[in-house]
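Following: one structure in structure tokens, then a few remarks.
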Amino acid sequence: GLALRAYPNPFNPTVALAYELAEDGRVRIGIYDVSGRLVRKLFDGPRNAGSHRAIWNGRDESGRSAAAGVYFIRVEVLGKTDARKIVLVR
């Protein structure tokens, strides 16, 4: 697995995602709402094996503050997908 950890959770105003890669590969990280819509793309590109972090500041692609509620951080790497539920409190 990717050993995903999201902290703090619940969060306001930022949440960090820590993840481990067993090998080099292309990584896509996105924030999705409960209906599966992409709220914010955090990362899309190559990453080396090892430990990495991504930060979400609670804002959507256009810089507006996202509404309080449940979101999912989804990570895709080497054909595998993993997700963590996170809660944004205001």
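The values are calculated or read from the model by the stated rules, or taken from the named source; none is laboratory data. Predicted model only: the values in this text are computed from it and were never measured. Neighbour counts run over all protein chains shown; Cβ positions are idealised from the backbone, glycine included. With ligands, DNA and RNA removed, areas are computed over all heavy atoms of the protein, side chains included. Shrake-Rupley method; radii C 1.70, N 1.55, O 1.52, S 1.80 Å.
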Quiz item: Taking a spot 7 Å from the Cα of residue 5 along the direction of its beta carbon, which residues of the stretch 41-72 have an amide N less than 16 Å from it?
Solution: 50-55
Quiz item: What accessible area per residue comes out for the chain, rounded to a whole number of Å², with a 1.4 Å probe?
Solution: 58
Practice problem: Just flag the GluC sites (Glu not before Pro) in the stretch 11-90 sitting in loop per DSSP whose Cβ has no more than 16 other Cβ atoms within 10 Å. | Solution: 23, 61
Quiz prompt | Portion, in percent, of the accessible area of the chain that falls on carbon or sulfur, probe 1.4 Å | solution = 49
Quiz item: Between residue 72 and residue 48, what FRET efficiency comes out of the Förster formula 1/(1 + (r/R0)^6) with R0 = 22 Å and r the beta carbon distance, rounded to 0.05?
Solution: 0.30
Self-check item: Sequence-distant residues sharing a close amide H with residue 24 (under 5 Å, placed H)
Solution: 49
Practice problem: Mind grabbing the accessible area of residue 85 for me, 1.4 Å probe, Å², rounded to tens? | Solution: 120
Exercise. Calculate the spin-label point distance for residue 60 paired with residue 90, positioning each point 7 Å from the Cα along the beta-carbon direction, and give it in nanometres.
Key: 1.2
Quiz item: So, with +1 on the Cβ of K and R and -1 on the Cβ of D and E, and no other charges, what is the size of the charge dipole of the chain about its Cα centre, to the nearest 20 debye?
Solution: 260
Quiz item: Taking the DSSP beta bridges in the chain as the whole, what percent of them are antiparallel, to the nearest 5?
Solution: 95
